[in-house]
Amino acid sequence: ELRAGDRYRVVAPSAVRAVLNREAQRQAVGKTASRETAELIGRLVESDLVVTSSIARTGDEWVFTLELVDARTSGVNNRQSVSYLGEPSGLVELVRPYVARLVDGTKAEEYRGQLEILVNEEEAQVRLDEIDLGLAPVRPVGDLTIGRHRVSVLKDGYLPFTQDVVIQRNETTLLQAPSRAAAQTAAGGAARSQ
């Protein structure tokens, strides 16, 4: 995403290996990445701006944060932070839309994509970002802002399904919402998935 256009020069990891090794040593003793490290990387590769990122887990959700750091002042020019409910592998999908938001600022609010939600069980209630889309099957949803959106599917007799999806610019994201029947156990009625 940063390579698109001529606004930014992306530096190969080999150019900053020594700084990254130093940062790894800092983190090994419990120190987190610092803006000063971003400033040092910027000076070493003769860059005015450096993008930093972090990922943390809070309960069932991940928190993904990007910062655009001014390497001359160590100040943060822009920050994007989002929570994500889903498999860790899905975090990769967050990079493109949040880098776009980071570097393009408010212009990125105009970037749109589409979502198609497939649900195995007809008549299941489908919600997107707390907005009721109706009963499955539902039509594709267009004109969604890029970034994270939360989908929920509910139906009596089935375990609820909630997952985040990431909308990319000018693309359609497909979500297959699995259905898991809730059954009573012989030992007292607790629900389990099948």
Open item on the list: Within the stretch 142-186, take every residue that is in contact with a strand residue (DSSP E or B) (Cβ under 7 Å, 6 or more places away or on another chain), without any contact (Cβ under 8 Å) to a residue 12 or more places away in the chain and not polar (S, T, N, Q) and give me the one that is surrounded by the most Cβ atoms within 10 Å (Cβ to Cβ).
Closed with: ALA183
Open item on the list: Exactly one condition in (1) within 23 Å of VAL63 (Cα to Cα); (2) not in a strand (DSSP E or B) is false for ARG148; which is it?
Closed with: (2)
TODO: Name every residue in the stretch 42-71 that is part of a loop (DSSP other than H, G, I, E, B), in contact with a helix residue (DSSP H, G or I) (Cβ under 7 Å, 6 or more places away or on another chain) and either among the β-branched types (Val, Ile, Thr) or farther than 22 Å from ARG17 by Cβ (or both), in order of residue number.
DONE: VAL45
Open item on the list: For the stretch 76-133: of the residues being over 17 Å from VAL165 (Cβ atoms) and among the hydrophobic types (A, V, I, L, M, F, W, C), which is surrounded by the most Cβ atoms within 10 Å (Cβ to Cβ)?
Closed with: VAL103
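If the requirement is being closer than 23 Å to THR145 by Cβ and of a type in the set (Gly, Ala, Ser), which of these qualifies: SER74, SER83?
After applying the criteria, what remains is SER83.
For every residue, the table says whether it meets (1) under 22 Å from VAL141 (Cα atoms); (2) at pLDDT 90 or above.
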site	(1), (2)
ALA38	no, no
VAL51	no, no
GLU61	no, yes
GLY75	no, no
ASN78	no, yes
ARG112	yes, yes
GLU116	yes, yes
- [ ] Residues being charged (D, E, K, R), farther than 19 Å from THR106 by Cβ and touching a Ser or Thr at 6+ places or on another chain (Cβ under 8 Å): count how many of those fall in the stretch 34-80.
- [x] 4
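The values are calculated or read from the model by the stated rules, or taken from the named source; none is laboratory data. All values derive from a computational prediction rather than experimental measurement. Virtual Cβ from ideal backbone geometry, glycine too; neighbours counted across all protein chains shown.
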